[in-house]
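Report on one structure; see the data block that follows.
The values are calculated or read from the model by the stated rules, or taken from the named source; none is laboratory data. Not measured: the values here are computed from a predicted model. Ideal geometry is used to build each Cβ from the backbone, glycine not excepted, and the neighbour counts take in all protein chains shown. What goes into the accessible areas is simple: the full protein's heavy atoms, side chains included, and nothing from ligands, DNA or RNA. Shrake-Rupley method; radii C 1.70, N 1.55, O 1.52, S 1.80 Å.
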2 protein chains.
Amino acid sequence: MKSSLHRLFARRAEFGALSTKSFRAYSHRQTLQTPLSGAQSISFVKPLFSAVFIAGFVSAVWTHSHSTVHAEAPPAKTIRLAEVRKHGANATRRWVVKSTKVYDITDWIPNHPGGEVILRAVGGVIDPYWEIFTIHNKKDVYDILEQYYVGDLDPRDLVDGRVPSDDIEDPFKNDPARHPDLIVHSDRPFNAETAPEDLKSYITPNSNFYIRHHLWVPFLSQDDYKIQIELPDGEEVEYSIKDLKSKFRSTKVTCTLQCSGNRRQHMNDEARSTSGLPWEIGAISNAVWTGVRLRDVLADAGFDIDTFDEDQTKHVQFQGAEAYGASIPIDKALGKREDVLLVYEMNGEPLPRDHGYPLRALVPGHVAARSVKWLKRITLSDEESQSQWQQRDYKCFGPNQGGQDVDWSSAPAIQEMPVQSAITSLRNASPRSAEDQKLLRVYGMEEDAVEVEGYAFAGGGRRIVRVDISPDDGRTWHQAELLPDEAHGSKSWAWTRWRWLVPKRLAGRQFVVKAVDEGYNVQPESYEPHYNFRGNLTSGWHRVPYTKGRRDSKE
Amino acid sequence: MKSSLHRLFARRAEFGALSTKSFRAYSHRQTLQTPLSGAQSISFVKPLFSAVFIAGFVSAVWTHSHSTVHAEAPPAKTIRLAEVRKHGANATRRWVVKSTKVYDITDWIPNHPGGEVILRAVGGVIDPYWEIFTIHNKKDVYDILEQYYVGDLDPRDLVDGRVPSDDIEDPFKNDPARHPDLIVHSDRPFNAETAPEDLKSYITPNSNFYIRHHLWVPFLSQDDYKIQIELPDGEEVEYSIKDLKSKFRSTKVTCTLQCSGNRRQHMNDEARSTSGLPWEIGAISNAVWTGVRLRDVLADAGFDIDTFDEDQTKHVQFQGAEAYGASIPIDKALGKREDVLLVYEMNGEPLPRDHGYPLRALVPGHVAARSVKWLKRITLSDEESQSQWQQRDYKCFGPNQGGQDVDWSSAPAIQEMPVQSAITSLRNASPRSAEDQKLLRVYGMEEDAVEVEGYAFAGGGRRIVRVDISPDDGRTWHQAELLPDEAHGSKSWAWTRWRWLVPKRLAGRQFVVKAVDEGYNVQPESYEPHYNFRGNLTSGWHRVPYTKGRRDSKE
C-alpha cells in the first residue's frame, strides 16, 4: 500500500510543468481512483518535498481535489494579526494570511504535497512563500484555500489595504552575510559564483566558495541537531553531531564541488538560451572536507552493508532541512573507495551556514546537487528521491528536445560529471619584469610570453591526465603543466590546477583549453550539438579572446 | 636490489624507439654503472617481455653491452642442420641458425630482454622471428650474436645458398583456421575485424568475433595447463583449469571487447595518418564469458584482498603464453562489482584458440589489450607491466605530439575507454514492402524511410543513456531507440544496440551518430583536435554518406 500511494504522490509531484488544464483533469481522475483521507496520507507525505525554485521554475503543488466553495457574504469576521500569530506551527489550529484574508489550514496540511515546509508560513502571511513557490498562483490552488477561510484581517492591521512589509516574515531573513567578492546571480535564494581571481588557489577559502541555494538557509543549532536515518524496514535511528564525532573515525577528503550549471552562460552565448542561472566559470570550488563515512554510519545504524537485499535498497535519499532533496545510488554510498561523507568541517572550520551547517552530505565525483546541505534525513529506498531536483532539473536531453513535451523519465538524473576545464587567467609575462623573468626561466623562455592558468576536473574520481592549450583558437596545441597538489581521498575527487606559458609571438586572437581524463574522455569542441534546454553540464572548449596589445589581462 | 635492477631493465626495454646512436650511448653508460652477470639477472629477466609487433612497430631489444668481437677467419667448422636440431629448448647447449651461420646462445639467453620467447627459436632458424621482432635488425644486435658463432651450416643443407623454407619453422604454423567473413588486416600475426553485417547481433558469434593478435597463437592443452600466481612476497601458487572450475563459483559476464585501434581508419581519413592497423568499425564484439572471479582466486591463493599493503601491491600483471603482457590497477582486479574474470568459456563453448584457450583474463570496461589471452602468469606488483603494450603502444598523446620525441611516461596506459558509437547499417525502408511496412508501423510511420542501426558503448561500465542520430550531417537530431537486451554483470559492460527510422524526405547527404554515457560524457565532433599519432581511441562522430537514390544500402 505504502509503495503505490507513494508513487501516486510522486506522480502528483510532477505536475509542476503540466498545463493548468491537464493538471485539473489529472487531479480529478486521481481523486476518483484513490480517495485519500488526511489520516491515511500523513505518514508518507512527510518525506515528500517537491518545492522548487530555480529562476521561476516551480513545483510545490496542491493536488487535493474538491468542489469549489466560494465564500458567501455573511458579515466577515475580522481577526487581528496578533491573533493569527498565536496560530503558528506549535498551535493546535494553524492559520495563514493570504493578502488580507485569514485561513485555518490545519486540516489541509497533511495533504500538502510540498510537505512540512508549509509550517514555515503558518501564524503569518503566506504571500512571500507563494512568490517563491509560484506554482500556487493558479485558480485551483486558490479554490482549495478558500475552503479554509475563517475571516478578514482587521483593517487596523493594514496600511493602504495591505499588511505592512514589517509584519511579513521574510523567508530569507536568517540568511548569513556573504563575502563581497562573490559574483551574485540571485539574492533570494542566494546564488553566487567564485570570482576568477579566487579560482586561482587550489583550495578555495570558505568565504569565497561558490554558493548555490534553492531556498533559504535554515537556522540550525548543532546542539539539538539530529540526523535521522530510515532503514529499508522502516526503522529509524538518530545521531547527534556529538554521536557522529565520537562513534566514527573522522575522514578528510579533498573534493571539488561543481554545479551542473557551471559555464551555462557559455551555452547561452555559443548555442541558444537555456533556463537557469547564467553561471560563468565560477560555479565550482575546492575544499578539504572532514566528516564520517556514510557507510560506517549506515552499518552502525543496523544496515547490513555487505549482504543487503539489492532489490529493496537501490538508492540513498538525502533530505535537507529547508525542503531540498536528492538521492544517489546505493553502490556509490557504500563503496569503500567512494568516500561519501557526512561532513561537519570545511577547510578545518565548522561547516559555514551557507555550506550546510551543521551537517551536509558530500558525494565526491557527483554533481554538487547530490551533496545535500543541512542534511536532516537519510532514507534507504528502492526508489530515487522523488524531488524535482532528482526527477527533473538536473538532467540533460538532446539538442532537439524542448522543455514542453520532454519525457523527463527518459533521461537519468545527473550523478557523475563529464570532463571539464576553464581558463581562469590570461596575462602577459615580460622578461623586463623581475618577477616574470623568474617564471619565464622555469619554462626555459627568455621572450615575451602569455601566462595561461586554469582548472580541469572530471567526475567519477577520474584523474586529469592532460590539458591541451591552444593560443590560436585550436590551430596549434601545447600541453599545460599540471600543477602538483596534495589531495586527501581514495580517488581524484579534486580539480587539477594547470599553467602554461606560450611565446607571445604565437598568440592569436583566442586562447582555448580542453582537458582529458584518465578514461581518455574529452571535451566537445562546440556547444550547439550538446545543447540541452536546461543548460546543464556545459563542457565545450573554453575560449578566451586575447588582445596582443594588452599589458596584463584577466578573464 | 630486485626493485632497482628491475627498473633498470624496464628502462632498457624502452629503447625500442630510440635511435641506434642514443641506444649505444645509453647502454654503454648503464654497463659502466651496473655490471650484471647473467646469473644475477636471470631471476628478474623472466617476467620481462617487451616483444612488439604492430605493423612494424617493434621492441624486443638486446641491451647487453659488450666489446665488439668479429669472427676472425679460422677454417669454418661446418655443422649439419640435424645437429642444430639437437640443440633445442630442452638441450644443455642451445643453438640458433641466422642465415647460414650457427650460434651457441646458451650464455646469452638469461640476458635476453625479450625473455624466454627466444626459446621458440633455438634448435632452428631464427630469421622468421627477427622478421617479427624487427628491432634485431641493427648492427649492435648482430655484433652480440657474432660473439657466439660456432660454425657454418653444411652446404649440403642449403639450396641456392639458403636454408630451404621447408626447413624453417613458421612461428604461425599452429594458428587456427578462421571464418572467411572476417575482414583481415594482417595475416601474421592475424588481425581481422568483424564484418558490419555480423555487428548487427547483440551477441557476436565466436567465429565472427574480431581477432587482434600481437604474435602467434600458442598451442596449449587444457589438460596440462597451469596458471601461476605470484604473490607480493614472491610465493607462487598454481591452478589447473580443473582446479579453477571445482574450487570457485563460476560467473557469467556479458562483455564487449574493443581494440583501442577501433575506427583508427577514420582518424587516418579525417585527420592525419597514424601508425597501426587501419581498423574500421569492427574491432569490437560482444560475448557472454564464463569463468571465475580473479578476486576469489587471489584470496584463495593467500592474498589478503581486504587489508593488503597498498604500497606493495598496486597492479596485477598478466603474462600471456606467447610473450604478450599487460597489467591493470589492483582496485579494478579486487572490486566486487568490477567483474574481472579468469575465463574458460565464450558464448557457452570452450574458449576458442583465437580467443585465449584454455584461459584468458577478462577486464570488463577496459581496453581489450588488458584482457590477456593464453594467460600463463599473474603477478601482484608495485609496478605496472613493463611490456611495450603497457608502457607504450596503448597510450594517447596530444595532437601536436609526435612519435620521435614523445615522453612515453607522460601519458597513462589506456584502461577505461571513452564513449563510442558507430552506424553499422543504413538502409531504405519502403511502405511498399510488406516486411518494411511492419517495421514502419512500429515507429508510427507510413512513408519512405531510412533505417539506421548501430552500436554504442562506453568504458568503465558506464551505461549508454542516449544516442543522437542526424540524417543531415548534424543539422538536426533525433533520439535513436536503444534496443533492449539481457546482460549479465554488475555494471554495463556490454554495448547497446540501437535503431532509428528517419523519413526519407529528411535525409541529407550524410548520417551521423553520437552517443552519451551515464556520466554524460560525449563524443567529439571532429578528429584532428583529438589526433594522436598511434591512432588510439578514435571516437569522433561516425559519419556515413547517404545517397537518396539507392534502394538498400549498407556501410
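Please tell me if B:Asn174 is under 21 Å from the mean Cα position of the chain (by Cα), open to solvent by 30 Å² or more (accessible area, probe 1.4 Å) and not assigned by the TED database to the domain that holds B:Tyr455. Taking the combined requirement at face value, the residue satisfies it.
Just to be sure before I move on: is A:Glu481 away from chain B (no Cβ under 14 Å), out of contact with any helix residue (DSSP H, G or I) (no Cβ under 6 Å at 6 or more places or on another chain) and modelled with pLDDT of 95 or more in the structure I sent?
Details: away from chain B (no Cβ under 14 Å): no; out of contact with any helix residue (DSSP H, G or I) (no Cβ under 6 Å at 6 or more places or on another chain): yes; modelled with pLDDT of 95 or more: yes.
So A:Glu481 fails the test.
Restrict the check to region A:335-349 and report whether at least one residue is farther than 24 Å from A:Ala301 by Cβ, open to solvent by 10 Å² or more (accessible area, probe 1.4 Å), in a loop (DSSP other than H, G, I, E, B) and not assigned by the TED database to the domain that holds A:Gly461. Yes, that holds for at least one residue. Of all residues in region A:130-151, those that are of a type in the set (Gly, Ala, Ser) have Cβ atoms under 9 Å from Cβ atoms of residues that are surrounded by fewer than 16 Cβ atoms within 10 Å (Cβ to Cβ), 6 or more apart or on another chain, in A:Gly151/A:Ala76; A:Gly151/A:Lys77; A:Gly151/A:Thr78. Right, B:Ser387: small (Gly, Ala, Ser) and either under 26 Å from B:Phe308 (Cα atoms) or open to solvent by less than 10 Å² (accessible area, probe 1.4 Å) (or both) or not? So B:Ser387 fits the description; yes. Considering every residue within region B:537-548, establish whether at least one is open to solvent by less than 10 Å² (accessible area, probe 1.4 Å) and assigned to a strand (DSSP E or B). Within region B:537-548 (the criterion being open to solvent by less than 10 Å² (accessible area, probe 1.4 Å) and assigned to a strand (DSSP E or B)), the answer is yes, since at least one residue qualifies.
Among the residues of region A:434-445, is any of a type in the set (Phe, Trp, Tyr) and within 14 Å of chain B (Cβ to nearest Cβ)? The answer is no, given that none of the residues of region A:434-445 is of a type in the set (Phe, Trp, Tyr) and within 14 Å of chain B (Cβ to nearest Cβ).
Would you point out the residue of region A:511-544, among those that are of a type in the set (A, V, I, L, M) and more than 24 Å from A:Gln404 (Cα to Cα), that is nearest to the other protein chains (Cβ to nearest Cβ)?
So, considering only residues that are of a type in the set (A, V, I, L, M) and more than 24 Å from A:Gln404 (Cα to Cα), the one nearest to the other protein chains (Cβ to nearest Cβ) is A:Val522.
So that you can scan it fast, the table gives a plain yes or no per residue for (1) open to solvent by less than 30 Å² (accessible area, probe 1.4 Å); (2) more than 14 Å from chain B (Cβ to nearest Cβ); (3) out of contact with any Ser or Thr (no Cβ under 8 Å at 6 or more places or on another chain):
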position	(1), (2), (3)
A:Gly398	yes, no, yes
A:Gln401	no, no, yes
A:Val406	yes, no, yes
A:Ala411	yes, no, yes
A:Thr424	yes, yes, yes
A:Asn428	yes, yes, no
A:Arg432	no, yes, yes
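Any chance region A:234-249 includes a residue that's polar (S, T, N, Q) and surrounded by 14 or more Cβ atoms within 10 Å (Cβ to Cβ)? Scanning region A:234-249 turns up at least one residue that is polar (S, T, N, Q) and surrounded by 14 or more Cβ atoms within 10 Å (Cβ to Cβ).
Being hydrophobic (A, V, I, L, M, F, W, C) and within 14 Å of chain B (Cβ to nearest Cβ) is the filter here; which residues of region A:306-341 pass it? Break it down stepwise before answering.
Just the residues of region A:306-341 that are hydrophobic (A, V, I, L, M, F, W, C), to begin with: A:308, A:316, A:318, A:321, A:323, A:326, A:328, A:330, A:333-334, A:340-341.
Correct list: A:Phe308, A:Ile328, A:Ile330, A:Ala333, A:Leu334.
Scanning region A:452-463 for residues that are more than 9 Å from chain B (Cβ to nearest Cβ) and open to solvent by 10 Å² or more (accessible area, probe 1.4 Å) returns a single hit, A:Glu453. Just one of (1) without any contact (Cβ under 8 Å) to a residue 60 or more places away in the chain; (2) open to solvent by 20 Å² or more (accessible area, probe 1.4 Å) fails for B:Glu280. It is (1).
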